[in-house]
């Protein structure tokens, strides 16, 4: 028996990240800087860092205010990050973060504001892809409101919104170029973002599609009107999967490789237990099904470890403002015996979902010789997942 802990699908190798969390954050009206204030069940900065780590960014450097070492360490406990003290301006804080990465010299770096806690993976993928042809890339959104220039309290000339974009973070750059740009920054005014620093150094900055979910928490109302408060207290999803048994295939169940005369056939490793759990989690947040996220027609998922699918589903639950309350999995087969492997499965599944083992139930049953599973033609699994508002 072997256990496999596959990493979540990552960015291109050599992508590091700097998270800017060194500001005072006082406009949010919190008793401590907003980046360390609780939001959807955890500190704001932790959301950002976890999203970058899940995307495969490494190393991750977090720039924090002077004297905030203790609160930052508590907010990011257990995460593989390096803390550095930021500077008097955002630009100086980013420079400190980049200098901390200089020895590692990654190929690319994402620079992200901690106050944007929801970071869709698709935005990261678009940014990294854009660096194939440009030294920098930023996520942007169109301006939908009419705009005008202000002349004191009177309306001035209109502005052409067709040529304007709302700029978000993370902003992505080839590491050597953005480090040199920050080292050479001589702007008289404070740099609004890293793209401005890059442009001042003559670097081209590509535009990629951003996401409304990348909203920046700025004011007290962003916390008082936490979107999570409008969510249902809990939601429930169910999942079911079945795969046929075939000679010459490995048998993976619940993230555990088991010795057996037959294995499960499928496009991925055909782990029916994990597939049922994935659909249960996705169903709880109404996020379609496993096939929509990992289509069997896509060759990149050929033979893929199903643990990657489960980690992805668990991350989507978190992004939706929920936490996994508990899951209940039932494996339906005549053989092999599940009992001897139950605890290993619970441990493996808990690790993949980032939850305590106590909330993971694994059971097994037979169909008394009836049906395809009774005839040992295949193995089925069904799952129920409860998610609770974070």
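Values quoted throughout were computed directly from the atomic coordinates according to the rules given, and no laboratory measurement underlies them. None of these values were measured; they are calculated from a predicted model. Cβ placement follows ideal geometry from the backbone for every residue including glycine, while neighbour counts extend to all protein chains displayed.
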What is the distance, in nm, between label points placed 7 Å from the Cα along the Cα-to-Cβ direction at residue 102 and at residue 209?
3.9
Once both label points are put 7 Å beyond Cα along the C-beta direction, the residue 163-residue 359 separation in nm becomes 5.2
By average C-beta atoms within 10 angstrom, highest first, the peptides 194-201, 293-300:
194-201, 293-300
Among 236, 111, 331, what is the fewest-to-most ranking by other Cβ atoms within 10 Å?
236, 331, 111
Rounded to the nearest 0.05, what FRET efficiency is calculated for residue 145 and residue 89 with R0 set to 35 Å and r the Cβ-Cβ distance?
0.75
Diffusion coefficient in µm²/s returned for the chain by Stokes-Einstein, Kirkwood Rh over C-alpha pairs, 10 °C and 1.306 mPa s, is 69
Once every DSSP H run of n ≥ 4 in the chain is given -39500 (n - 2.57) and the sum is divided by its residues, what mean residue ellipticity at 222 nm do you get, rounded to the nearest 500 deg cm²/dmol?
-7500 deg cm²/dmol
Please grab the % of Cα pairs in region 2-228 that end up more than 28 Å from each other.
31
Inter-part distance where region 99-149 and region 269-304 are each reduced to a Cα centre, Å:
28
What's the extension gain from residue 201 to residue 250 if we count 0.36 nm per residue and subtract their Cα-Cα distance?
12.2 nm
For the chain, set up a GNM with springs between Cα atoms under 10 Å and report which of 16, 134, 159 has the largest fluctuation.
159
Förster radius 41 Å - calculated FRET efficiency between residue 125 and residue 236, Cβ distance, rounded to 0.05
0.85
Rank 309, 36, 234 by mean-square fluctuation in a GNM of the chain with C-alpha springs under 10 angstrom and give only the top-ranked residue.
234
Relative contact order for region 231-389: what percent, with Cα pairs under 8 Å and sequence separation of 6 or more?
34
Using a simple spin-label model with points 7 Å from Cα along the Cα→Cβ vector, what separation in nm is obtained for residue 186 and residue 372?
7.2
Hey, could you pull the Cα Rg and Dmax for region 231-389, both in Å?
14.9, 47
Run through the DSSP bridge list for the chain and note the antiparallel percent, rounded to the nearest 5.
65
With springs only between Cα atoms under 10 Å apart, run a GNM on the chain and tell me which of 20, 317, 143 wobbles the most.
143
Using a 10 Å cut-off around each Cβ, can you sort 161, 342 from fewest to most neighbouring Cβ atoms?
161, 342
